Each structure stands twice: as C-alpha cells, then as structure tokens.
Amino acid sequence: MTDTPPPDDLAALQRLRDAYAALTGQLAKRIVGQQQVLEEMLIAILAGGHCLLVGVPGLAKTLMVHTLADALELSFNRIQFTPDLMPADITGTELLQEDRSTGAREFRFVQGPVFANVVLADEINRTPPKTQAALLEAMQEHQVTVGGHRHRLPEPFFVLATQNPIEQEGTYPLPEAQQDRFMLQVRVDYPTEDEEFQIVRQMTTPSPEPVEQVLTHEELIRLQDVVRRLPVADHVLRYAMTFTRWTRQETEAAPDFVREYVTWGAGPRASQHLVMAAKAHAMLHGREHVSVQDVQSVAAPVIRHRIVTNFNAEADGITAHEIVRRLTETIPTDPCETSNLSQLPHVFAPAETKSSV
C-alpha cells in the first residue's frame with residue numbers, strides 16, 4: 001500500500017494540472033502539434049533529468065525549447081556545437097584582470113553559456129569527445145570546475161541536446177556512457193499534412209502572440225520536489241526494475257529476442273530514471289500515485305537509447321524501440337506475478353533425493 005500525499009502536495013498536483021493545460025495553450029501560439037514531444041520534455045524537467053532530441057533539421061526543436069523556457073520563467077542559452085568548439089567555450093574561463101585603483105592583479109571567472117536554467121546543446125554530435133565531455137560534470141553534479149574552483153549552476157538546470165539522425169559524416173557519436181546521462185531520448189517526427197499546413201500559414205504571417213508565463217521559477221522547483229516525494233507501490237518499482245533487467249542478456253529470465261538481438265542492456269540508472277519519469281507522467285495527468293501504465297508510457301524514451309543491438313538485429317530490421325515494445329507486451333503487469341519475478345533461483349537447494357522402490 002502507498003501513502004496518500006500530504007495536503008500541500010495535493011494542492012501542488014492541482015496547480016500542475018491547471019498549469020499543464022495553460023502551458024499547452026501557450027506553446028500552441030508558436031508550436032503546431034508535437035504534443036508528445038512537449039509532454040516528454042516537461043516530464044524530464046519535472047523529474048530533474050535531461051533530454052536528447054533526435055530529429056532532422058527544420059522541425060522547430062530550438063523554438064520548442066526556447067518557448068518552453070519562456071513559459072516557465074527560465075533563463076535560456078543555446079550552444080551551437082562545432083568541431084572547433086573548446087570546453088572553455090561551454091563552461092567559462094578565468095581571465096587575469098587588474099584593479100586600476102590598487103594595481104593588484106587577480107583571476108576572475110567569466111561564466112560560459114552553460115550557466116542557464118535551460119541549455120540547448122545544438123547538434124552535440126558535431127563536436128569532439130573532449131568538448132562533449134565538458135557537459136558531463138554539469139549534467140550530473142550541476143556544477144563546473146574551472147581552475148580548481150567549483151562553480152554551482154543555477155537551479156533548476158536542464159540540458160537539452162539535439163542530434164541529426166541522418167547525417168553522420170564529420171560527426172562524433174555520443175559514447176554510450178554519455179547517452180546514459182540523458183533521462184529521455186525524445187524523437188521529433190515530421191508533422192502531419194494538416195499540421196504542416198498550419199505551420200506554413202502561421203510562420204508566413206506577422207509575428208505570433210507573445211508567450212505568457214505559466215509557472216514561476218519557485219513553483220517549478222517546488223513541483224520537482226513533489227515529484228520526488230510522490231509515492232510508488234513496491235510492485236510498480238519491481239516492474240520498472242524488471243523492465244530494465246530484462247534488457248540484459250545476463251538476466252536469467254530475459255526473453256529469447258533479447259538474447260538474440262541485444263549486446264548490452266540498460267544499467268541501474270535506467271531503473272531510477274524510469275521511476276522518476278513515471279512519477280512525473282502521473283503528476284502531469286493528475287494522478288496521486290504511480291501505476292504500471294505510467295511506467296509503460298515512458299519506457300520507450302527512457303530505455304531505447306540505452307540498448308545496444310547486435311548484427312542480428314540490424315539484419316532483421318529490429319531496433320531498440322522494437323525491443324522496448326516487445327518487452328512491454330512480455331513483462332507481466334499483475335502485482336502478484338511481478339513480485340514473483342524477484343525470487344532468485346534456488347542455486348544452493350539440495351538435490352532431490354530419489355524415492356526408494
């Protein structure tokens with residue numbers, strides 16, 4: 001059994017429900033469609049994670065991020081990743097300055113563009129690994145270290161990186177370890193015919209209406225705290241953990257298609273992100289408790305970029321997204337069956353004794 005959230009948290013849930021409806025209306029002033037993308041971005045922000053957006057150019061990824069930051073009263077910086085970008089261009093650097101009155105010289109830290117609430121790392125795979133790694137400390141620790149001194153980043157802090165999935169020449173694919181730092185991999189698809197018509201009509205007319213603020217900076221931090229405290233039943237935790245463990249070949253209960261098509265599965269961080277994203281999904285939809293269905297709803301964006309498929313999968317046209325879909329159909333959702341998945345095999349059980357004739 002799970003506990004009922006305290007009255008203050010219930011009020012925050014109602015506030016988020018109202019804000020979500022208002023936020024959708026504000027974003028519609030600039031963005032046509034892409035409701036799933038916007039919801040997943042909000043889930044990552046509420047859960048305190050980061051997003052990796054995958055989509056071809058021209059799908060308004062930058063506009064979506066900027067509009068979302070405006071509606072949430074968050075500072076926004078965009079970093080255009082290029083092959084000649086250096087780590088100091090992201091984190092900042094120390095400059096030697098002279099005090100004109102005393103003549104004394106001292107180093108002063110000049111903040112880089114990473115010092116913002118929302119940081120758009122545009123085309124992150126176009127810069128070498130050394131510069132890509134400059135974001136690792138910022139994403140995990142919410143700080144940067146320059147010249148031996150630590151500098152805290154503003155809260156909340158959210159990195160949204162974009163990748164072009166069709167152009168690989170002159171790029172540096174993100175290592176699996178760095179992809180694992182992103183809570184969600186969000187796919188931005190082409191709009192429908194009606195949506196594209198609305199986009200063309202809207203973007204070829206005078207400037208759209210200004211976006212109004214929906215949530216304050218303090219309210220967002222408060223909602224992030226409520227998400228972390230949202231109760232989750234043990235069988236839901238077990239289901240989320242099972243989802244992650246069954247992506248690994250080493251797991252005894254892993255399905256045959258995982259053993260055939262997967263080289264490396266998701267690690268323990270995926271289980272944590274799966275639960276946190278499910279909490280945020282439940283809150284966005286006005287629920288006080290997290291269900292198995294919430295875990296299933298966020299499983300694809302949380303898990304698919306953490307699965308490494310093999311040659312057999314490529315030959316048969318099986319993607320990581322398809323592996324997640326099959327797992328959703330395979331893993332039992334009944335609490336009793338889910339709890340039984342935690343039972344370890346009786347490795348040390350004594351052998352059966354033969355009955356005497």
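Here are some notes:
- Residues satisfying the stated conditions in region 253-268, i.e. small (Gly, Ala, Ser) and free of Cβ contacts under 8 Å to residues at least 24 places away in the same chain: 254
- Matching residues in region 254-269 - criterion: being assigned to a helix (DSSP H, G or I) and under 25 Å from the mean Cα position of the chain (by Cα): 258, 261, 268, 269
- Test for residue 272: is it surrounded by fewer than 21 Cβ atoms within 10 Å (Cβ to Cβ) and in a helix (DSSP H, G or I): yes
- A Cβ distance below 7 Å, combined with a sequence gap of six or more or placement on separate chains, defines the contacts here; from region 17-46, residues that are over 17 Å from residue 193 (Cα atoms) reach residues that are of a type in the set (S, T, N, Q) in the pairs 27/67; 30/67; 46/224.
- Any hit, region 27-37, residues being modelled with pLDDT of 80 or more, of a type outside the set (Lys, Arg) and crowded, with 16+ Cβ neighbours inside 10 Å: yes
- Residue-level check: of (1) over 28 Å from residue 165 (Cβ atoms); (2) at pLDDT below 85, residue 222 misses just (2).
- For region 37-53, residues that are of a type outside the set (A, V, I, L, M) and farther than 16 Å from residue 305 by Cβ total 2.
- Put simply, of 108, 78, 152 the only residue that is over 29 Å from residue 272 (Cα atoms) and surrounded by fewer than 19 Cβ atoms within 10 Å (Cβ to Cβ) is 108.
- Residues (at pLDDT below 90, of a type in the set (Asp, Glu) and either surrounded by 15 or more Cβ atoms within 10 Å (Cβ to Cβ) or out of contact with any helix residue (DSSP H, G or I) (no Cβ under 8 Å at 6 or more places or on another chain) (or both)) located in region 310-328: 314
- Residue in region 225-243 that is among the hydroxyl-bearing types (Ser, Thr, Tyr) and assigned by TED's automatic domain parsing to the domain that holds residue 321 present: yes
- Qualifying residue in region 291-309 (condition: under 12 Å from the mean Cα position of the chain (by Cα), free of Cβ contacts under 8 Å to residues at least 60 places away in the same chain and buried (at least 24 other Cβ atoms within 10 Å of the Cβ)): no
- Listed by position, the helices (runs of 4 or more DSSP H) contained in region 155-253 that have at least 3 residues being surrounded by 15 or more Cβ atoms within 10 Å (Cβ to Cβ) are 217-229, 234-245.
- Qualifying position, being closer than 30 Å to residue 43 by Cα, of a type in the set (Ser, Thr, Tyr), assigned by TED's automatic domain parsing to the domain that holds residue 27 and at pLDDT 85 or above, among 82, 67, 62: 82
- Condition met for residue 251 (out of contact with any helix residue (DSSP H, G or I) (no Cβ under 6 Å at 6 or more places or on another chain) and of a type in the set (Val, Ile, Thr)): no
The values are calculated or read from the model by the stated rules, or taken from the named source; none is laboratory data. These numbers were taken from a predicted model, which means no experiment stands behind them. Note: ideal-geometry Cβ built from the backbone for every residue, glycine included; neighbour counts use all protein chains shown.
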